[in-house]
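A quick write-up on the structure given underneath.
The values are calculated or read from the model by the stated rules, or taken from the named source; none is laboratory data. No experiment lies behind these values; they were computed from the predicted model shown. With ideal geometry, Cβ positions are generated from the backbone for all residues, glycine too; neighbour counts draw on all protein chains shown. Surface accessibility is based on the protein's heavy atoms, side chains included, excluding ligands, DNA and RNA. Shrake-Rupley method; radii C 1.70, N 1.55, O 1.52, S 1.80 Å.
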Amino acid sequence: YEAGFKSTLADNRVSLNAAVYLIKWSNIAQQNRLGCGFQYVANAGKAEIKGFEIELMAAPIDGLTLTAALGYADAKITDPEGVAGVNEGDQLQGVPNWTVAASGEYIFPLANELEGLLRGDFNHYGRSFSTNNGDLRERPAWTALNLRAGVIKDDWEITLYVNNVTNTHANMADSRSLAAETPGRQRLVTNRPRTIGIDVRTRF
């Protein structure tokens, strides 16, 4: 169930969208971990997700585009239907409670038919959880910042980029390719570290 609106303001220079929703989910698949360390995926009863989303896009001046988005999700098991290790009120796996995204891009004229490009992207992911079976593991909140600067000429674009500026190492997921774990040290899937490079693109 979803209700919301979409709107344009300020002579179409601003767009504002928002929605609230309720999801009722039966036989939801969740990952369970056995005592020996291996895992399996099985249906885990009924779940309910309640939340909202807000999106804003603005173009205050020519060449400048700003975006922002905010989301919240309360995702819980409402009836485990007797599945071992799953309890009423457990958080659904892999669903962050808060998400925030923002970006800014400015394209401006330079000399000799060149255009300059400046862009930044920011993302925040709230805490989430993984695995059931009496071992609900928390994944801490994390943020990512990407920056880009370059030049554009006709169909060509050359940019210098820095991804994951803060060199954040996030807990993206459990890695269960092997059953064993060192006590106190989870096997994790993480994101790419700070990466610096040059990007060359053409359109045709």
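Scanning segment 8-39 for residues that are surrounded by fewer than 15 Cβ atoms within 10 Å (Cβ to Cβ), under 24 Å from the mean Cα position of the chain (by Cα) and small (Gly, Ala, Ser) turns up just one, ALA29. Consider only pairs whose beta carbons are under 7 Å apart and that are at least six residues apart or on different chains; among these, list those whose first residue lies in segment 1-23 and is in contact (Cβ under 8 Å) with a residue 24 or more places away in the chain and of a type in the set (Ser, Thr, Tyr) and whose second residue is open to solvent by 60 Å² or more (accessible area, probe 1.4 Å) and in a strand (DSSP E or B). Taking only residues 6 or more apart or on different chains, the pairs are SER15/THR8; SER15/MET57; TYR21/GLU2.
Look through segment 86-116, keep the residues that are charged (D, E, K, R) and open to solvent by 60 Å² or more (accessible area, probe 1.4 Å), and return whichever of them is nearest to GLU48 (Cα to Cα). Within segment 86-116, the match that is nearest to GLU48 (Cα to Cα) is GLU88. Within segment 141-157, being more than 23 Å from ALA102 (Cβ to Cβ) and not β-branched (Val, Ile, Thr) holds for LYS153, ASP154, ASP155, TRP156.
Checked against (1) touching a residue at least 60 places away in the same chain (Cβ under 8 Å); (2) in contact with a His (Cβ under 6 Å, 6 or more places away or on another chain), LEU92 passes all but a single condition, namely (2). Taken over segment 95-121, the criterion of being over 29 Å from VAL20 (Cα atoms), part of a loop (DSSP other than H, G, I, E, B), touching a residue at least 24 places away in the same chain (Cβ under 8 Å) and aliphatic (A, V, I, L, M) is satisfied by LEU110, LEU114. Looking only at residues of segment 55-64 that are open to solvent by 70 Å² or more (accessible area, probe 1.4 Å) and part of a strand (DSSP E or B), we find that the one that is farthest from TYR21 (Cα to Cα) is MET57.
Conditions (1) surrounded by 14 or more Cβ atoms within 10 Å (Cβ to Cβ); (2) aliphatic (A, V, I, L, M); (3) out of contact with any Gly (no Cβ under 7 Å at 6 or more places or on another chain), marked per residue:
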{"residue": "VAL41", "(1), (2), (3)": "no, yes, yes"}
{"residue": "LYS46", "(1), (2), (3)": "yes, no, yes"}
{"residue": "LEU66", "(1), (2), (3)": "yes, yes, no"}
{"residue": "ASP79", "(1), (2), (3)": "yes, no, no"}
{"residue": "LEU118", "(1), (2), (3)": "yes, yes, yes"}
{"residue": "ASP121", "(1), (2), (3)": "yes, no, yes"}
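Do we find that THR78 is at pLDDT 90 or above, in a strand (DSSP E or B) and under 26 Å from TRP142 (Cα atoms) in this structure? The answer is no for THR78.
Just to be sure before I move on: is ASP74 charged (D, E, K, R), out of contact with any helix residue (DSSP H, G or I) (no Cβ under 8 Å at 6 or more places or on another chain) and surrounded by 17 or more Cβ atoms within 10 Å (Cβ to Cβ) in the structure I sent? Spelling it out, it is not the case that ASP74 is charged (D, E, K, R), out of contact with any helix residue (DSSP H, G or I) (no Cβ under 8 Å at 6 or more places or on another chain) and surrounded by 17 or more Cβ atoms within 10 Å (Cβ to Cβ).
Would you mind stating whether ARG176 is open to solvent by less than 30 Å² (accessible area, probe 1.4 Å), at pLDDT below 95 and among the charged types (D, E, K, R)? The answer is yes for ARG176.
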